[in-house]
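Q: Take a look at this one; I'll ask things after.
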Amino acid sequence: MDYKEIIYEKKEHVALITLNRPEAMNALTMVTYQEMGDALLDAQDDRQTRVVVITGAGRGFCSGDDVRQVMMAPDAEQKRAQARLRVKTGPTPAARILLEHAKPTIAAVNGAAVGWGCDLALMCDLRIASERARLGEIFVHRGLIPDLGGIYQLPLIVGLSKAYELLYTGSVVDAQEALRIGLVSQVVPHEELMPATMGWAQRIAALPPLAVQMAKEAVRRGHGCDTQALGEYHSYALNILFSTEDHKEGASAFLEKREPVFKGS
């Protein structure tokens, strides 16, 4: 399959998905979401693949959704309306695929991972970070809420109080702070990120794959996440928030490089 916005490679039981829009800090379009979902499903179905690694090309891991593509388009209002219509009941398809993926997933966080980029890292089982990495659930600054990575995974990873702090403030933390609070498993020099991540992947891939996959499923069942119910609330909230003036103000302020003024409407 030909991909336009990701690079998909397989080597020695490891599938590597690289978000490939470096000129936009790997901001996500509908094409990126679709291609990433397709690659994840292929990796799941491929019996030779035992571990999936996700990273970004260039300086960033993923800067979240491509706000500029929507807000600066000539038909911006129509595109925002279409975005609201795309919020269907239930989990975001890419989020569901990743959270329910049968095989171990590792995020190699090579730079900024904010917004849905942070969600993406959180929805992976392990996160290995470059010293240049920064992570943040910045949705509150756009008048929105995170996907399942933020509203489900984050509290499990860093604890409830710290999760509320990060969600309420939209703070962005550097690699060392992320390591201190347990947001990432390891921080390495930037040039060592991929060798270190692939080392983790190959170490896991060398173990009995069925035992590893069943351990992952057992943990998932133990936490009892109902992705459908949580996804339904996520889509319900977004359908409301996308129509607010505060969301429009947050997105406009980001593009205009100014501080937003929120009015609660």
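Q: Have a look at ARG21, ARG68, ARG50 and tell me which one the Gaussian network model of the chain (Cα, springs below 10 Å) gives the largest fluctuation.
A: Ranking ARG21, ARG68, ARG50 by mean-square fluctuation puts ARG68 first.
Q: On to the next question. Could you work out the relative contact order of the chain? I mean the mean sequence separation of Cα pairs under 8 Å and 6+ apart, divided by the number of residues, in percent. Please list the in-between numbers first.
A: Values: 494 pairs, mean separation 51.5, N = 265.
19 percent.
Q: May I ask for the angle, rounded to the nearest 10°, between helix 245-256 and the longest principal axis of the chain, with both axes built from Cα atoms and the value confined to 0 to 90°?
A: Tilt of helix 245-256: around 70 degrees.
Q: Once fully extended, how much extra length lies between SER161 and ALA218, figured as 0.36 nm per residue of separation less the alpha-carbon to alpha-carbon distance?
A: Gain on extension, SER161 to ALA218, equals 17.9 nm.
Q: Quick one: putting +1 on the C-beta of Lys and Arg, -1 on the C-beta of Asp and Glu, what dipole do you get for the chain around its Cα centre, in Debye to the nearest 20?
A: Working: 29 positive and 33 negative charges, 48 e Å.
The dipole magnitude comes to about 240 debye.
Q: Using only Cα positions of the chain, each an equal point scatterer, no hydration layer, compute I(q)/I(0) via Debye at q = 0.07 Å⁻¹ and quote the log10 values to two decimals.
A: -0.23
Q: To the nearest 10 degrees, how steep is helix 160-169 against the longest Cα principal axis of the chain, on a 0 to 90 scale?
A: Relative to the chain, helix 160-169 is tipped by roughly 40 degrees.
Q: What does the charge dipole of region 96-222 about its Cα centre add up to, to the nearest 20 debye, if the Cβ of each Lys and Arg holds +1 and the Cβ of each Asp and Glu holds -1? Don't skip to the answer; put the middle values down first.
A: Numbers: 12 positive and 12 negative charges, 60 e Å.
Dipole magnitude for region 96-222 comes out near 280 debye.
Q: Among SER63, VAL53, THR227, pick out the residue whose Cα is farthest towards the positive end of the charge dipole of the chain, where Lys and Arg carry +1 and Asp and Glu carry -1 on C-beta, about the Cα centre.
A: The residue sitting farthest along the positive end of the dipole is THR227.
Q: Under a GNM of the chain (C-alpha, springs under 10 Å), which listed residue has the highest mean-square fluctuation: LEU148, LEU183, LEU241?
A: Per the Cα network of the chain with a 10 Å cutoff, LEU241 tops the list.
Q: Now a separate question. Provide the gained length on full extension for the span ASP2 to GLU192, in nm with one decimal, where the gain is 0.36 nm per separating residue minus the Cα-Cα distance. Numbers along the way, then the final one.
A: Numbers: separation 190, 0.36 × 190 = 68.40 nm, distance 2.90 nm.
Extra length available between ASP2 and GLU192 comes to 65.5 nm.
Q: How far is helix 227-241 tilted off the main Cα axis of the chain, in degrees rounded to 10, range 0 to 90?
A: That works out to roughly 20 degrees.
Q: Now a separate question. Just to be sure I understand the curve: with the Debye formula and one point per C-alpha of region 3-57, what is log10 I(q)/I(0) at q = 0.20, 0.23 Å⁻¹?
A: For the requested q values the scattering log ratios are -0.64, -0.81.
Q: Of GLY159, VAL187, ALA112, whose Cα points farthest to the positive end of the dipole of the chain (charges on the beta-carbon: +1 Lys, Arg; -1 Asp, Glu; origin at the Cα centre)?
A: The residue sitting farthest along the positive end of the dipole is GLY159.
Q: Let me ask you something else. Please identify the trypsin sites (Lys or Arg not before Pro) of region 183-265 that satisfy two criteria: DSSP loop assignment and at most 12 other Cβ atoms within 10 Å. Which are they? Display every interim value, and only then the final one.
A: Working: sites: ARG203, LYS216, ARG220, ARG221, LYS248, LYS257, ARG258, LYS263; in loops: LYS257, ARG258, LYS263.
Here the sparse-neighbourhood loop sites are LYS257, ARG258, LYS263.
Q: I want to verify a result. In a Gaussian network model of the chain, Cα cutoff 10 Å, which of these has the top mean-square fluctuation: GLY56, GLY159, GLY37?
A: GLY159
Q: Counting other Cβ atoms within 10 Å, which GluC sites (Glu not before Pro) in region 88-159 have at most 15 and lie in a DSSP loop?
A: GLU100, GLU131
Q: While we're here: As a quick test, which of the pairs LYS10/LYS162; LYS4/LYS216; LYS4/LYS162; LYS162/LYS216; LYS4/LYS257 have an alpha carbon distance above 27 angstrom in this structure? Spell out each step's value before the answer.
A: Values: LYS10/LYS162 36 Å; LYS4/LYS216 31 Å; LYS4/LYS162 37 Å; LYS162/LYS216 25 Å; LYS4/LYS257 29 Å.
Violating the 27 Å limit, Cα to Cα: LYS10/LYS162; LYS4/LYS216; LYS4/LYS162; LYS4/LYS257.
Q: Give me, ordered by chain and number, the residues 5 or more places off LEU16 or on other chains with an amide H under 5 Å from its own placed amide H.
A: GLU9, LYS10, LYS11, VAL53
Q: Based solely on its DSSP helices, what 222 nm [θ] is calculated for the chain when runs of n ≥ 4 H residues each add -39,500 (n - 2.57) and the sum is averaged over all residues, nearest 500 deg cm²/dmol?
A: -13500 deg cm²/dmol
Q: In addition: So if I place +1 on the C-beta of Lys and Arg and -1 on the C-beta of Asp and Glu, and nothing else carries charge, what would the dipole magnitude of region 220-265 be about its Cα centre? I want it in debye, nearest 20. Please report the intermediate quantities before stating the final value.
A: Details: 6 positive and 7 negative charges, 40 e Å.
Roughly 200 debye for region 220-265.
Quick note: the coordinates plus some simple rules give every number you see, no bench work behind them. Just so it is clear, the structure is predicted and the values come from calculations on it, not from any experiment. Here the Cβ is made from the backbone with ideal geometry for all residues, glycine too, and neighbour counts use every protein chain on show.
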